[in-house]
Structure formats: structure tokens, C-alpha cells
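Shown next, in C-alpha cells, is the structure this report addresses.
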Amino acid sequence: MLPFIAGLAAGAVAVVAINNRKEIKEKVIEGATKVQEKASDVKNSVATKIEKLKTKEEKEVTEEVVANVE
């Protein structure tokens, strides 16, 4: 009895998905676009922070070298 109910539910989900495939496709594309934008924002943010850290480290190293030379 349980496999019959599970099969019936799976069939119903398949029918609903087929009937709404255009809407589902639009939602998936919209979601993928949002994820791509967020990933790009995160990438830019990380690159900016890395650049700031490199600059800060270079300043510290320069100051240390100047102090040792004097």
C-alpha cells in the first residue's frame, strides 16, 4: 500500500511540474542570476580586502626595514 501511495504522490508532482515548467524554468534562471551576482560581489569584496592586506603588510615591512637601517 505504501509504494502505491508514494508512486501516486510522485506522479502528481510530475504532472504539476510538467504543467508549470515555464514558471519553474523562469524561477531557476532568476535564482541562478541572483547567485551569480552574489558570487561576483563576494569575489570583488575578497579581492579588495586582499589588496588592502597586501598594502598594509608592505607598509609594515617597509617601516621595519627603515627602522633596521637606521
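Observations, loosely collected:
- Any hit, the range 32-51, residues being surrounded by 10 or more Cβ atoms within 10 Å (Cβ to Cβ), part of a helix (DSSP H, G or I) and over 20 Å from the mean Cα position of the chain (by Cα): yes
- LYS56 vs. criteria surrounded by 10 or more Cβ atoms within 10 Å (Cβ to Cβ), at pLDDT 90 or above and of a type in the set (D, E, K, R): no
The values are calculated or read from the model by the stated rules, or taken from the named source; none is laboratory data. Every value quoted in this text rests on a predicted model; they were computed, and no experiment measured them. Positions of Cβ are generated from backbone atoms using ideal geometry, with glycine treated the same way; all protein chains shown enter the neighbour counts.
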